[in-house]
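*Asks:* Here it is: the structure, laid out below.
No lab work stands behind these numbers, since they all come straight from the coordinates. Since the structure is predicted, the reported quantities are computational estimates derived from the model, not experimental observations. Cβ: placed from backbone, ideal geometry, glycine included. Neighbour counts: every protein chain shown.
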Amino acid sequence: MRFNAHTHFPAHDTGETGIVGIFFTQNPEPEAPYRSFGLHPRYLPDANLSPALAWLNDRLPGAVAVGEAGLDKLCDTPWERQVEAFDHCIEAATQHHLPLIIHCVRAYDEVLAQLKKHQFNQPVIFHGFDKHPNTARQLLAAGCYLSFGSALFRENSHAAEALRVCPERRYFLETDMGAVALIEVYKRAANLRGVRKKELEAALWKLGKEVFLGLGH
Ligand SMILES: [Zn+2]
């Protein structure tokens, strides 16, 4: 089984399974066996957050993770509103004992500080990772997981370098908006890490079950 840690589309291939991420205001909300719901910083209401909070609380009993949630310095949403929404997502994930899938743009220190403030102790996955290996090391040292996708295909990308520094069991693969097929991401990652694709599939499916589906060992 090929495991997809973050996608926006239900899998068509029976050999794949993934966490389908749904954000507030998304319509329709795709059906899938494993879904995450989050207050994405780019898609927050203009003023009052309460409809978004109510929506999240309503959806979480059927979710396997909270996310995407996080902070984004390149979007138009006012910073205070992003922080408030992220606070709520952290609290909701704590309450429901769920992992958190992070959307982070130029705000790594702030995201880590906010997680620390809440003493968040569920798994944290930074999705779409494409930063310098030093940032990867900082997040790994904080106990977080990294998830890699289409950035692995860019020439000289930081993502490819960062993937190489990840220890076993600390990274995932994903397709996000679907620019590249999951099987291609696995082939690329296997190549970069010098392992066989089949082994990688088995390892990440095992890890995915443990981290997201509560199915250990
Ligand atoms: Zn996404």
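*Asks:* Please work out how much length the chain gains when fully extended from residue 29 to residue 169, using 0.36 nm per residue of separation minus the C-alpha to C-alpha distance, in nm with one decimal.
*Replies:* My answer for the length gained is 47.4 nm.
*Asks:* Take a quick pass over the chain and tell me how many lysine pairs come in under 30 angstrom between Cα atoms, counting only ones 8 or more apart or on separate chains.
*Replies:* Close lysine pairs found across the chain: 21.
*Asks:* A follow-up question, please. I'd like the FRET efficiency for residue 205 and residue 8, computed as 1/(1 + (r/R0)^6) with the beta carbon distance as r and R0 of 25 Å, rounded to 0.05.
*Replies:* With a Förster radius of 25 Å, E is 0.80.
*Asks:* While we're here: If you wrap a convex hull around the C-alpha atoms of the chain and split its volume per residue, what is the figure in Å³?
*Replies:* Spelled out: Cα convex hull of the chain, divided by residues, is 117 Å³.
*Asks:* Further question on the same structure: Find the centroid of the Cα atoms in segment 8-69 and in segment 156-217, then give the distance between the two in whole Å.
*Replies:* Each part reduced to its Cα centre gives a spacing of 22 Å.
*Asks:* Only bridges with both residues in the chain count here: give the DSSP antiparallel percent, nearest 5.
*Replies:* Among the beta bridges of the chain, antiparallel pairing accounts for roughly 0 percent.
*Asks:* Which residue, 28, 167, 133, tops the fluctuation ranking in a GNM of the chain built on C-alpha contacts under 10 Å?
*Replies:* 28
*Asks:* If you don't mind, another one. Under 15 Å from the Cβ of residue 142, count the other residues' Cβ atoms, weight Lys and Arg +1, Asp and Glu -1, and hand me the total.
*Replies:* Local net charge: +3.
*Asks:* In the neighborhood of residue 133, defined by Cβ-to-Cβ distances under 9 Å, what is the net charge if each Lys or Arg adds +1 and each Asp or Glu adds -1?
*Replies:* +2
*Asks:* Provide the descending list of Cα extents for segment 77-167 along its principal axes, expressed in whole angstroms.
*Replies:* Answer, in whole Å and largest first: 39, 29, 19 Å.
*Asks:* Extension gain residue 213-residue 113, at 0.36 nm per residue separation less the Cα-Cα distance, in nm?
*Replies:* Result for the pair: 33.3 nm of gain on full extension.
*Asks:* In degrees between 0 and 90, to the nearest 10, how far off the longest principal axis of the chain does helix 50-59 point, with axes built from Cα atoms?
*Replies:* 50
*Asks:* Give me the net charge of residue 42's neighbourhood, meaning all other residues with Cβ under 12 Å from the Cβ of residue 42; Lys, Arg count +1, Asp, Glu -1.
*Replies:* After counting each charged neighbour, the total is -1.
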